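Here's the structure we're looking at; comments come further down.
Just so it is clear, none of the values below were taken in a lab; they were calculated from the coordinates. Please read all numbers here as calculations on a predicted model, not as lab measurements. Every residue, glycine among them, receives a Cβ derived from its backbone with ideal geometry; neighbour counts consider all protein chains shown.
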Amino acid sequence: MFIDPAYAQGAGGQGGGFAFLIPLILIFVVFYFLLIRPQQKRMKEHQNMVANLRRGDRIVTGGGLVGSVTKVVDDNEIQVEIAEGVKVRVMRNSVQQVMNKSEPADKSQGGGGKTAANDGGGQGGVQGVLDKLRGGGSSGSQS
């Protein structure tokens, strides 16, 4: 009687379909920069770390075992010494962290000399790190 008939407005309004896609595009951009890109960067760093493993490196495996790489068996496996005389074979991809990186042998030594990683200097590497944390620049002996 007194009520006029109400008609629904057309779907989409003035912006059309593009205005509906703008929030979806913004959500995808945010997900890419906050989730996808950092994960790809971490994966690339992990692959680089695993590819550069060599004998003498001190590592932590995914299971929490801490050991030293004694032999690189092939592209997928390494041999790790977890205790004196106890060696296990571990998949390279299970390595989570390299704690101490050994330095490559100097070419002038001809392979017969000692490297910096096994020079028998005691706590030289640890002392150098502590000196740097305390503000000392060099890791040489200061006694």
Counting Lys and Arg as +1 and Asp and Glu as -1 over every other residue whose Cβ sits under 11 Å from the Cβ of N93, the net charge comes to -1
Can you give me the long-range amide H partners of Q96? Hydrogens built in the peptide plane at 1.01 Å from N, cutoff under 5 Å, separation of 5 or more residues or another chain. V60, T61, G62
Dimensionless Rg/Rh of the stretch 22-78, both radii on Cα and Rh by Kirkwood, sits at 1.25
Between the modelled labels at Q79 and N93 (7 Å from Cα along Cα→Cβ) the distance in nm is 2.4 nm
